[in-house]
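What follows is a single structure, written as structure tokens, with notes after it.
No value in this document is a laboratory result; all are computed from the given coordinates. Just so you know, these numbers come straight off a predicted model, no measurement behind them. Cβ sites come from the backbone with ideal geometry, for glycine too, and all protein chains shown count toward neighbours.
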Amino acid sequence: SQTIHQWPATLVQPVGSPLSLECTVEGTSNPNLYWYRQAAGRGLQLLFYSVGIGQISSEVPQNLSASRPQDRQFILSSKKLLLSDSGFYLCAWDPGSPEWYFGPGTRLTVL
Amino acid sequence: AQSVTQLDSQVPVFEEAPVELRCNYSSSVSVYLFWYVQYPNQGLQLLLKYLSGSTLVKGINGFEAEFNKSQTSFHLRKPSVHISDTAEYFCAVSVAGRGSQGNLIFGKGTKLSVKP
């Protein structure tokens, strides 16, 4: 069966520090991968999605970036974090059908 | 463009009472509809989905939802809630047949609080 992992589970970072969040999927190949951010009172916001290695689409311009170095790995990064980057980051994947599966999430607090 | 409106940000209810969480969507084309549940500090879990066919959809944990095309609604219901149903519930929409990439739009969520 398919499993999606996110690392780390929680993270506290100072403003201006770099960020790297990792998402990996097991049990499938060539999945579509997504990064969502959930901020208080703002619902779920799609940040990036990827249909294959090296293919990234950005939905919202910001100081975050994403990369897909391997088929089942999706990385969310930032060179300098802002206070407004705090939130709950969710990775998701879909097998090409209209159904998404979500990872356990990473709670990011920027101080 | 598609959008989703969840009319209630918070819904308090007593245990064993019925509950309805409201969801309305806006789209000029056919859509697929979803309800997800999120327990504290966890990811989202699919409760149920409507793709086509019967407008009454049954999901996990005793939840069901009815697709009403004329009212562009997809309300979630449960006849008798438990304490364990306390969570945040998200309604989502995607354009039918367009492909999945970047195609899932969420509402802002409804926090269901079940009290003993």
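Cross-link partners of residue B:58 among aspartates and glutamates, defined as those whose alpha carbon lies under 15 angstrom from its own and excluding same-chain residues fewer than eight positions apart: B:20, B:66. Of B:23, B:91, the sequence from fewest to most neighbouring Cβ atoms within 10 angstrom is B:23, B:91. The simple spin-label model puts a point 7 Å past each Cα toward its Cβ; for residue B:58 and residue B:96 those points are separated by 2.3 nm. For a modelled paramagnetic label at residue A:13, 7 Å from Cα along Cα-to-Cβ, the residues of the range A:80-104 in reach, with backbone nitrogen under 11 Å, are A:80-83, A:85-87. Go ahead and collect, in residue order, the members of the range A:9-27 whose backbone nitrogen is under 12 Å from a label point 7 Å along the Cα-Cβ direction of residue A:80. Answer for the range A:9-27: A:15-18. Relative intensity of chain B on a log10 scale, I(q)/I(0) at q = 0.20 Å⁻¹, equals -1.06, per a Debye sum over C-alpha point scatterers of equal strength in the absence of solvent. Taking only the alpha carbons of chain A, we obtain Rg and Dmax values of 13.2, 39 Å in that order.
So, counting K/R as plus one and D/E as minus one, what does the shell of residues with Cβ under 13 Å around residue B:77 add up to? Taking every Cβ under 13 Å from that of residue B:77, the sum is -1. The value obtained for the protein assembly as shown, namely the Cα convex hull volume divided by the number of residues, is 123 Å³ per residue.
If R0 is taken as 35 Å, the Cβ-Cβ distance between residue A:45 and residue B:77 corresponds to a FRET efficiency of 0.80. The phi-based Karplus calculation (6.51 cos²θ - 1.76 cosθ + 1.60; θ = phi - 60°) puts the 3J(HN,Hα) values of the range A:84-91 at 5, 7, 4, x, 10, 9, 10, 9 Hz, whole numbers, x for Gly and Pro. For residue A:70 and residue B:51, a Förster radius of 25 Å and the Cβ-Cβ distance give a FRET efficiency of 0.20, rounded to the nearest 0.05.
Ordered by the count of other Cβ atoms within 10 Å of each Cβ, fewest first, A:11, B:33 give A:11, B:33.
Return A:12, B:95, B:4 ranked ascending by Cβ neighbour count within 10 Å, so the fewest neighbours appear first. Could you put the intermediate results ahead of the total?
Working: A:12 10, B:95 19, B:4 23.
Least to most surrounded, the residues fall as A:12, B:95, B:4.
Counting partner chain Cβ atoms within 10 Å of every residue's Cβ in B:30-39, what's the average? Please list the in-between numbers first.
Details: counts 0, 1, 3, 1, 3, 0, 3, 0, 6, 0.
Averaged over the peptide's residues, the number is 2.
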